[in-house]
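S.K.: Below are the structure tokens for one structure; questions will follow.
The values are calculated or read from the model by the stated rules, or taken from the named source; none is laboratory data. Note that the structure is predicted; figures quoted are calculated from it, not measured. Counting neighbours? That spans all protein chains shown, and the Cβs are built from the backbone with ideal geometry, glycine included. Just the protein is used for accessible areas: all its heavy atoms, side chains included, with ligands, DNA and RNA removed. Shrake-Rupley method; radii C 1.70, N 1.55, O 1.52, S 1.80 Å.
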Amino acid sequence: MIEFKFIKLLNVFSALSLLAAGTLIAVPGAHAQQTASISRGPSGLPLPRFVSLKSERVNMRVGPGKDYAVSWMYLKSGLPFEIIQEYDNWRRVRDSEGTMGWIHGSLLSGNRTAITTPWRTGSSKDTINVYESPKSGAKAVAYVEPGVLANVQKCDGVWCELEISNGGKKIHGFTDQADLWGAYPDEKFED
């Protein structure tokens, strides 16, 4: 069995300075909307929606433009973000910890990724099972700690098919969609 560890992201400013600046912190799961109530942004794409970072280094700004201050710096490509608003080429996004800000659309990708139960980070006893097939009782191929980044191939509303990299080794399997931040409850898609 393979176990994965999560590497914490570095931030530019402390969370306290963000709170002082009026940044809202969301409660995991509170952002979920039913598919029927999804609206469209100026791009014609649904809002909200999940995307991922294209680059290794991405600045999140307090407003939609390069003249706005950088509030966070993300140092890992592939991290999932939820787009909640669009303005010109800028996207207002929320990360898995609820931090919101603006990222230029050219730095975001439609590739779907997810983080395993980030709301449980810090509790290594709460591992997530990754199974060889999408059904309860299937053989487990890995036990994954909260906070692990995964590529999502598809979700059927209950199960998501994942690929997880660990030191050059790739694990392929299925996990409960409710254990991921990067897919809405009951959402169905194929990447």
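S.K.: Counting just the residues of the range 23-54 that are open to solvent by less than 40 Å² (accessible area, probe 1.4 Å) and of a type in the set (Ser, Thr, Tyr), which one comes out modelled with the lowest pLDDT?
M.R.: Only one residue tops the list, namely Thr23.
S.K.: Moving to a separate point now. Of a type in the set (D, E, K, R) and closer than 21 Å to Gly182 by Cβ: does that describe Arg94?
M.R.: yes
S.K.: Let me ask something additional. Give the range 135-177 a look and list any residue that's under 18 Å from Pro118 (Cα atoms), outside any strand (DSSP E or B) and open to solvent by 70 Å² or more (accessible area, probe 1.4 Å), or say none.
M.R.: none
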